[in-house]
Amino acid sequence: MRLRREGHDIARCTVERLMRELGIAGVVRGRRKNPVDADPRESRPADLVDRHFARFRTNQLWVADFTYVWTWSGWVYVAFVFDAHSRRILGWRAATSMTTPLVLDCLEMALWTRRREGATGFAGLTHHTDAGSVYTSISFTDRLIDEGIDPSVGSVGDAYDNALAESQIGLYKSELIHHEGPWRDVDQVEVATAGWVQWFNTDRIHGSIDDLTPLEAEQFSYALTEPLERAG
């Protein structure tokens with residue numbers, strides 16, 4: 001009605017569709033009945049992972065999620081994309097609004113990271129998330145399909161459907177956000193996150209990958225697979 005008062009003749013269903021695609025939801029008075037998924041589309045991607053996150057090489061499975069950071073200026077949302085094999089952070093993004101462009105920008109950074117290192121295609125790669133509306137939006141799913149990536153979305157109400165990404169983000173919260181705060185604004189969070197991501201990928205060792213750093217794990221993986229590829 002506000003749009004019509006300002007002279008824009010637009011249908012309600014059009015507004016609802018655009019809000020779904022952007023991951024925007026109106027304020028609801030009282031407790032929300034379904035905080036897990038604001039977009040209950042029956043056509044959302046299937047769960048191709050089913051809690052099995054172990055992979056034998058890079059670029060088989062990426063997992064993604066985002067978290068909330070409280071600052072003196074309001075909430076900041078930080079999204080990540082991780083490679084399940086190496087635990088490496090391939091893409092990340094900080095913003096003051098939780099919409100589909102936030103996670104799309106994060107995905108684009110992950111794609112750019114791999115292309116810069118020589119990737120020519122992403123066939124055989126699965127991208128897994130929880131059932132949040134920003135990840136089940138039409139524009140996000142279509143972007144994955146455009147790149148030849150298989151989208152995967154966990155089950156609604158399953159606390160472990162995206163456990164690997166949640167565990168990785170838990171490290172971010174405990175090692176940086178809770179340890180170094182309080183935070184002023186999105187700019188301060190962004191600068192600090194950039195430094196932490198660099199350290200996480202290049203210097204932090206992980207017990208889950210034989211006490212290697214993520215970059216070392218990838219280099220070791222490439223060293224093993226390249227002779228096999230030449231032999232094949």
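The values are calculated or read from the model by the stated rules, or taken from the named source; none is laboratory data. Because the structure is a prediction, the values reported are computed rather than measured. Every residue, glycine among them, receives a Cβ derived from its backbone with ideal geometry; neighbour counts consider all protein chains shown.
In the list ILE138, ILE145, which residue meets the criterion of being surrounded by fewer than 22 Cβ atoms within 10 Å (Cβ to Cβ) and at pLDDT 95 or above?
Being surrounded by fewer than 22 Cβ atoms within 10 Å (Cβ to Cβ) and at pLDDT 95 or above holds for just one of ILE138, ILE145, which is ILE145.
List the pairs whose first member sits in the stretch 202-213 and is under 19 Å from ALA54 (Cβ atoms), whose second member is of a type in the set (A, V, I, L, M), and whose Cβ atoms are under 6 Å apart, counting only residues at least 6 apart or on separate chains?
Matching pairs, first to second residue: ILE209/ALA217; ASP211/ILE205; THR213/ILE205.
Quick one: is ARG115 at positive phi and among the basic types (Lys, Arg)?
Considered against the rule, which asks whether it is at positive phi and among the basic types (Lys, Arg), ARG115 comes out as no.
Read through the list (1) out of contact with any Phe, Trp or Tyr (no Cβ under 8 Å at 6 or more places or on another chain); (2) among the polar types (S, T, N, Q); (3) surrounded by fewer than 19 Cβ atoms within 10 Å (Cβ to Cβ), then give the number of the only condition that SER86 fails.
The number of the failed condition is (3).
Quick check: anything in the stretch 115-133 loosely packed, with under 15 Cβ neighbours inside 10 Å and of a type in the set (A, V, I, L, M, F, W, C)?
yes
Return yes or no: is THR113 of a type in the set (Ser, Thr, Tyr), modelled with pLDDT of 90 or more and closer than 30 Å to TYR222 by Cα?
In short, yes.
Suppose we keep only residues that are farther than 13 Å from ILE89 by Cβ and part of a helix (DSSP H, G or I) within the stretch 201-215. Which one would you say is modelled with the lowest pLDDT?
SER208
Does GLU218 qualify as being among the acidic types (Asp, Glu), surrounded by 15 or more Cβ atoms within 10 Å (Cβ to Cβ) and at pLDDT below 95?
Against the criterion (among the acidic types (Asp, Glu), surrounded by 15 or more Cβ atoms within 10 Å (Cβ to Cβ) and at pLDDT below 95), GLU218 qualifies.
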